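Below is one structure; the comments refer to it alone.
The values are calculated or read from the model by the stated rules, or taken from the named source; none is laboratory data. This is a predicted model, so every value here is computed, not measured. Glycine also receives a Cβ, built like all others from the backbone with ideal geometry; neighbour counts cover every protein chain displayed. The accessibility values were calculated without ligands, DNA or RNA, using every heavy atom of the protein model including side chains. Shrake-Rupley method; radii C 1.70, N 1.55, O 1.52, S 1.80 Å.
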Amino acid sequence: MSQWLPIADIAARVNAGELQAVDLVAKALATIGEKAEYQAIITTLDTLAAARAKEVDATVAAGQPAGRLAGVPFIAKDNFLVFGSDTTAASNILKGFTAPYQSTAINRLEAEGAICVAKANLDAFAHGSSTENSDFFTTKNPHDIDRVPGGSSGGSAAAVMLDMAPFALGTDTGGSVRLPASFCGAVGYKPTYGLVSRSGVVAMASSTDVVGPLTRTVDDAALILDVMSGVDVLDSTTIPRDSAGYVGLEGSLVGKKVGIIKEYMSEGLDPGVKACIEAAIARMKAAGAEVVEVSLPTLPAALAVYYIICPAEVSSNLARYDGQKYGYSTANPADLEDSYSRTRDEAFGDEAKRRIMIGTYVLSSGYYDAYYKKAQTVRTKLINEFNTVFEQVDLLIGPTAPEIAFKLGANSDDPLKMYLTDIMTVAVNLAGLPAVSIPAGTSEGMPVGLQLIAPQRADRRLLDAAQAVEGILA
Ligand code: GLN
């Protein structure tokens, strides 16, 4: 059991004067300190958080409403800019960079009284599936300290399951909210592309980057999405919220048509994971869902497509880190050119360099048509297949990952093996769809995540179904 109440209840009690924001912040920071061995956190924001907590308590004391998230502590992945604090994206090249402004997502949470208490570990620049690509240290899985928490938002997922805060923010470019949720037993919500502003978030692959919450329950995730979502003038890709919002879910599966993704249930799926997913499907049928098997023939190509398009965009987005404007800069360069190349050589980690090289290669003249353009063509084919399938079913279902959390070091010498961890998450990003991972039992004592996927902008439908499934699996 969590030491935290549901998020809406915490805020209600703070607004009623029954709980003090300063105590909640102190509790979060104390838990972070007690559980330091898991290495989920890069920095704590003690002074900032204490000052904000006092403001919330003063608002309540003055008889004013302090917001729908009044006094609720949270943790942001360290690729979110929090004004005046360090933002490293777990990379050496951003060490020493202080955020001169703040991400829209954090602004919106703060406007409702939430308080950011810490910045969580990640794979550097969110490149990875285990946090082992962090330039600083690896986060440990809350259920087994010898295993990875998943990535790249591994610090955020572990922090929530370690009770450091009731929720955390992550980013999902190719699965980085859902995968660590699956490995740690959290709920990880990836909104429709554009539903949450990325302003003030370190860019990875801009055509798939999206911000999402990690929580213990679907209700909590829905509330956080409700607060963060919607158009932002600072991010031109943002889209309007559902007019019904994302709270007050109905949580029913009756009459819902659900498609099991054939390609995700076949060879390569760990038998323990498969058993959990099949048990969940049986319960969904019993709860009134009509379940059919569906096939998306292009799905097996999604991983290859992603690992062309993502590095292409990464190579462009990482071009700005050249030692002149942000963070680290090499000492005593001979000239500007030398400063650029030595800074990048010294301070980018292996995975960032790998993606810069692959991305530059697939975009270079002579190879562009063979790789990047072809990948975009296959991406369109995949999107068309999703559209066709969603003419037949309301939702898609399958595992979030082909396996449970792996042992520390198991995949770190083999980038391709690491990339394979993302085989069930990346297609959703390529198509901009909303998807969620919710806990669906355990295998070998480790959590297994069930993934639900909906059409673009059907986030409310997805949350409704996820809440229903959460209820029947409890
Ligand atoms: N694991 C994937 C990658 O390394 C996804 C990362 C992410 O979603 N940020 O690209």
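Quick notes on this one:
- Whole-percent carbon and sulfur share, accessible surface of the stretch 236-339, 1.4 Å: 51 percent
- Residues whose amide H comes within less than 5 Å of that of Thr238, counting only those at least five positions distant or on another chain, are Asp232 (H built at 1.01 Å from N in the peptide plane).
- Cross-link pairs beyond the 29 Å C-alpha cut-off, checked among Lys381/Lys407; Lys190/Lys417; Lys27/Lys77: Lys381/Lys407
- Per residue solvent-accessible surface (Å²) - the stretch 1-55, probe of 1.4 Å: 54 Å²
- Å² of accessible area per residue within the stretch 129-225, as computed with a 1.4 Å probe and no ligands counted: 14 Å²
- Across the options Ala58, Gly245, His143, the greatest Cα extent toward the positive end of the charge dipole of the chain (unit charges at beta carbon of Lys, Arg, Asp, Glu) belongs to Gly245.
- Amide H to amide H distances under 5 Å link Ser197 with Gly230, where only residues 5 or more positions off or on other chains count and H is placed in the peptide plane.
- With θ taken as phi - 60° and the Karplus curve 6.51 cos²θ - 1.76 cosθ + 1.60 applied, the whole-hertz 3J(HN,Hα) list for the stretch 234-247 is 7, 9, 5, 8, 6, 10, x, 6, 4, 5, 7, x, 10, 10 Hz, x standing for glycine and proline.
- 1.4 Å probe accessible area per residue over the stretch 274-404, in Å²: 49 Å²
- Of all accessible heavy-atom area on the stretch 392-474, the percent that carbon and sulfur account for (1.4 Å): 53 percent
- Amide H within-cut-off set for Thr43, under 5 Å, with H built and near neighbours excluded: Lys119
- Simple spin-label estimate for Asp413 and Arg320 in nanometres, 7 Å along Cα-Cβ: 3.8 nm
- What the phi angles of the stretch 110-127 give under the Karplus curve with 6.51, -1.76 and 1.60, with θ = phi - 60°, is a coupling list of 5, 4, 9, x, 6, 10, 7, 9, 6, 10, 9, 6, 7, 5, 3, 6, 6, 8 Hz, glycine and proline written as x.
- Each residue of the stretch 128-136 is assigned a 3J(HN,Hα), and the resulting list reads x, 9, 8, 6, 6, 8, 4, 6, 9 Hz, derived from the Karplus form 6.51 cos²θ - 1.76 cosθ + 1.60 (θ = phi - 60°), x at Gly and Pro.
- A crude spin-label estimate for the pair Gln376 and Glu391, with each label 7 Å from Cα along the Cβ direction, gives 2.6 nm.
- Percent accessible area from carbon and sulfur atoms, the stretch 33-81, protein chains only, probe 1.4 Å: 54 percent
- Normalised by 2.2 N^0.38 Å, with N the number of residues, the alpha-carbon radius of gyration of the chain equals 0.93.
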